[in-house]
1. How many of the residues making up region 104-128 are open to solvent by 10 Å² or more (accessible area, probe 1.4 Å) and in contact (Cβ under 8 Å) with a residue 40 or more places away in the chain?
2. Go over the candidates Arg153, Arg166, Arg135 one by one and state the one that is without any contact (Cβ under 8 Å) to a residue 60 or more places away in the chain, farther than 15 Å from Tyr55 by Cα and outside any loop (DSSP other than H, G, I, E, B).
3. Considering Asp2, Asp82, which residue is modelled with pLDDT of 95 or more, more than 18 Å from the chain's Cα centre (by Cα) and not basic (Lys, Arg)?
4. Taking the condition of being farther than 28 Å from Val183 by Cβ and outside any helix (DSSP H, G or I), how many residues in region 3-42 meet it?
5. Which one of Ala99, Ala193 is under 19 Å from Leu53 (Cβ atoms) and surrounded by fewer than 17 Cβ atoms within 10 Å (Cβ to Cβ)?
6. Can we say Ala49 is hydrophobic (A, V, I, L, M, F, W, C), crowded, with 21+ Cβ neighbours inside 10 Å and either farther than 26 Å from Gly136 by Cβ or free of Cβ contacts under 8 Å to residues at least 60 places away in the same chain (or both)?
7. Please give the number of the condition Leu93 fails out of (1) more than 19 Å from the chain's Cα centre (by Cα); (2) open to solvent by 40 Å² or more (accessible area, probe 1.4 Å).
Amino acid sequence: MDARTPDRRSVDRAVAGMLEVLGPHAGADWSVPAGSLEWDCRATAAHVAHDLLAYAAQVAGRPDDAYLPLDLVVRPGTGPADVLRVVAACGGLLSGALAAAGPGMRAWHWGPCDAAGFAAMGTAETLVHTYDITRGLGVPWLPSGPLSAGVLRRLFPDAPPGDPARVLLWCTGRGDLAGHRRVTSWHWTAAVAD
């Protein structure tokens, strides 16, 4: 992937990467904490699915003042392999909604957000939480550099230069970056000025 703006293909690639790295470890103990998060690995994967679905609903429903009042519930006792299937389904829903959205589409995310913003957020959630889960499971993995670069350009325009994966992890409080204080509180900028 080149330096283009995040789109549905970014979401597809991030979700495919998550399934590729985590699928072989579906038989591991996912009740362990996901990296530095308080959630366990299973709950973190379910959170990714929830966010992908919520973003898809925003893009399809186009509310202009709040998130639609819906939540995804992954049934208790659902194993990691099936939670990953839910992630794949929700990623497909977001990808499909983005494919159908016109260039002028706006929906609420703390202000008006365009399709590229929702694509970047879906990509970011998938990348950083895959990293969290791999840390919990003891699997060496870093987010895709090109996908991370797209997320940084769209959501963290003031991010410092450097390896995009490492900078994304730093921007989201998941790592150190030489010459910069560790991030302890962060947010991204998804809303656009119309």
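The values are calculated or read from the model by the stated rules, or taken from the named source; none is laboratory data. No experiment lies behind these values; they were computed from the predicted model shown. Positions of Cβ are backbone-derived with ideal geometry, glycine not excepted, and every protein chain shown enters the neighbour counts. What goes into the accessible areas is simple: the full protein's heavy atoms, side chains included, and nothing from ligands, DNA or RNA. Shrake-Rupley method; radii C 1.70, N 1.55, O 1.52, S 1.80 Å.
1. Looking only at that region, the number is 10.
2. Every option except Arg166 fails the conditions.
3. Only one candidate passes the filter, namely Asp82.
4. Residues flagged as farther than 28 Å from Val183 by Cβ and outside any helix (DSSP H, G or I) within region 3-42 amount to 4.
5. Result: Ala99 is the single residue among Ala99, Ala193 that is under 19 Å from Leu53 (Cβ atoms) and surrounded by fewer than 17 Cβ atoms within 10 Å (Cβ to Cβ).
6. Against the criterion (hydrophobic (A, V, I, L, M, F, W, C), crowded, with 21+ Cβ neighbours inside 10 Å and either farther than 26 Å from Gly136 by Cβ or free of Cβ contacts under 8 Å to residues at least 60 places away in the same chain (or both)), Ala49 qualifies.
7. All conditions are met except number (1).
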